[in-house]
Amino acid sequence: MMAIAGMILFISFILLLLVGAPIAIAIILSSVITFFTVLPFDVALMTSAQRMITGIDNFTMLAIPLFVLAGIIMNNGGIAFRLVNFAKVLVGKLPGSLAHTNAVGNMLFGSIAGSSVAAAAAMGRIMGPMQEKQGYKKTYSAAVNIASAPTGLIIPPSSVVIVYSLVSGGTSVAALFMAGYIPGILWGIAVMIVAYFMAKKENYPVSTLPSIKDILYIIGSAIPSLFLIVIVIGGIVAGIFTATEGAAVAVLYSAILAIIYKGLKWRDIPAILKETIEITGMILFLITSSALFSLVMSYLGLPEAISNALLSITENQIGILLIMILILLLVGTFMDITPAVLIFTPIFLPVAETFGMDPVHFGMILCFALCIGNMTPPVGSALFVGASVANVRIEQVIGTLIPYFVAVIIVLLLVTFIPQLSLFLPNLFNL
């Protein structure tokens, strides 16, 4: 009976996706339908409702809307321009320097805003016209922007790892935050390496560096924005405040900074709050629906069954990790990151732990693999936003994206099979 119910769960979920149902609705309906097959009608409804409520009844979850609000304030507060100028100073002498500026800008702004979409939109609007003016192909500019935008989902603070922390049974958020730095930076560097060789091939120009006086001014104006990372991450790692309290500090700091930069006005606040509510509502709806889906899978014993199936294929750790990565990459192409983390963590984490893998290390593998879906069709949000901002069609930019995709996959394999890339900083800070 449980096997039949498991088939009903996945078949109904896939069918609902195929007919165009929103992913959260597809998750809820397939979960409830499955519960009807194994529980009485009233018990199934009551259990489903209770799980959806308790799925977001967690203090740590409050960090998500607060980080979203902080990111939106920064996106509207003039911070992106200062970070772009700072990035120019860092990489201004490389071939295709504006593309490298875009990549570094995404790493800086994306990590501060905690959103690949915000980074792709902000950097694309700023860098696109500048690159077009200097003769860069639109597809090249768009590809660099799209490929580097998801770095902000890995480099902390990241709401994705907060979700993983909750569903993995309380893995340290501070440890996960610190673990994200090296993999996220390596992702950005991989994009820049590909951009470098493409720029050399196309003979794109090198930007002229400003005077020493201007460089010092640019660095000085960017320091307050960069200091947000020091305050938030430093406070969490040092145990001064929790991730949720750190998110509240981020909101306060970004608001003060936006006011000082004169990028935030009273009339902007309703629109900022409205956008925050919309994004938060979407994220929390996905989380609460995925919590129900996870409960159904747990009740049916599916995580254990899938784990046993994987172990029956091979007991070789490398082989199982490669299988899991392949599945996560495929899932990332059609499923949003948040529900995918909620659904696949309880399935794959127990398998990884049978090999003695650290949950922090596995969290980086899981989140990294799923974040790649941000730059791939059919549902890659960074892909759609980056192409839209660059005014190019998705089919035009896909071919240019392939080398970046390969480079990021190589970094994923390095992160997977070299644990210290994820664990060095957490171990350094005794997290």
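The values are calculated or read from the model by the stated rules, or taken from the named source; none is laboratory data. Quantities reported herein were computed from a predicted structural model and do not represent experimental measurements. Cβ placement follows ideal geometry from the backbone for every residue including glycine, while neighbour counts extend to all protein chains displayed. Quick note on the areas: whole protein, heavy atoms, side chains included, nothing else; ligands and nucleic acids left out. Shrake-Rupley method; radii C 1.70, N 1.55, O 1.52, S 1.80 Å.
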| query | over 17 Å from residue 169 (Cβ atoms), at pLDDT 90 or above, surrounded by fewer than 17 Cβ atoms within 10 Å (Cβ to Cβ) and not aliphatic (A, V, I, L, M): does that describe residue 396? | reply | no
The residue from 28, 64, 56, 33 that alone is in contact with a helix residue (DSSP H, G or I) (Cβ under 9 Å, 6 or more places away or on another chain), closer than 30 Å to residue 229 by Cβ, touching a residue at least 24 places away in the same chain (Cβ under 8 Å) and in a helix (DSSP H, G or I) is 64
Picked from the stretch 379-422 (must be in a loop (DSSP other than H, G, I, E, B) and farther than 28 Å from residue 202 by Cβ), the residue nearest to the chain's Cα centre (by Cα) is 379
Given the structure, is residue 164 among the hydroxyl-bearing types (Ser, Thr, Tyr), touching a residue at least 12 places away in the same chain (Cβ under 8 Å) and surrounded by 21 or more Cβ atoms within 10 Å (Cβ to Cβ)?
yes
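One line per residue, one yes/no per condition, for (1) among the aliphatic types (A, V, I, L, M); (2) free of Cβ contacts under 8 Å to residues at least 40 places away in the same chain; (3) in contact with a Gly (Cβ under 8 Å, 6 or more places away or on another chain):
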position: 158; (1), (2), (3): no, no, yes
position: 170; (1), (2), (3): no, yes, no
position: 177; (1), (2), (3): no, no, no
position: 193; (1), (2), (3): yes, no, no
position: 201; (1), (2), (3): no, yes, no
position: 217; (1), (2), (3): no, yes, no
position: 221; (1), (2), (3): no, no, no
Query raised in the report: Can residue 382 be described as closer than 22 Å to residue 106 by Cα, modelled with pLDDT under 95 and open to solvent by less than 40 Å² (accessible area, probe 1.4 Å)?
Result: yes
Over the stretch 230-262, the set of residues open to solvent by 40 Å² or more (accessible area, probe 1.4 Å), within 18 Å of residue 158 (Cα to Cα) and hydroxyl-bearing (Ser, Thr, Tyr) is 242, 253
Among (1) within 21 Å of residue 62 (Cα to Cα); (2) in contact (Cβ under 8 Å) with a residue 60 or more places away in the chain; (3) open to solvent by less than 10 Å² (accessible area, probe 1.4 Å), residue 146 falls short only on (1)
Those residues of the stretch 193-228 that are open to solvent by 30 Å² or more (accessible area, probe 1.4 Å) and either under 16 Å from residue 156 (Cβ atoms) or touching a His at 6+ places or on another chain (Cβ under 8 Å) (or both) come to a total of 3
For helices (runs of 4 or more DSSP H) lying entirely in the stretch 140-222, having 1 or more residues that are closer than 17 Å to residue 99 by Cα picks out 151-154, 181-202
For the stretch 56-93, the count of residues that are open to solvent by less than 20 Å² (accessible area, probe 1.4 Å) and farther than 17 Å from residue 274 by Cα equals 9
Checking 127, 178 in turn, the sole residue that is of a type in the set (A, V, I, L, M, F, W, C), more than 20 Å from residue 405 (Cα to Cα) and open to solvent by 10 Å² or more (accessible area, probe 1.4 Å) turns out to be 178
The residue that is surrounded by the most Cβ atoms within 10 Å (Cβ to Cβ), considering only those in the stretch 400-427 that are farther than 22 Å from residue 321 by Cβ, in contact (Cβ under 8 Å) with a residue 40 or more places away in the chain and not hydroxyl-bearing (Ser, Thr, Tyr), is 401
Q: For residue 365, indicate whether it is surrounded by 21 or more Cβ atoms within 10 Å (Cβ to Cβ), touching a residue at least 12 places away in the same chain (Cβ under 8 Å), closer than 30 Å to residue 10 by Cα and not polar (S, T, N, Q).
A: yes
Looking across the stretch 114-124 at residues that are open to solvent by less than 50 Å² (accessible area, probe 1.4 Å) and part of a helix (DSSP H, G or I), the single one that is nearest to residue 279 (Cα to Cα) is 118
Residue 229 meets each of (1) in a loop (DSSP other than H, G, I, E, B); (2) closer than 24 Å to residue 177 by Cα; (3) at pLDDT below 85; (4) not polar (S, T, N, Q) with one exception, condition (1)
Exactly one of 89, 104 is in contact with a Pro (Cβ under 8 Å, 6 or more places away or on another chain), assigned to a helix (DSSP H, G or I), modelled with pLDDT of 80 or more and not hydroxyl-bearing (Ser, Thr, Tyr), and that residue is 89
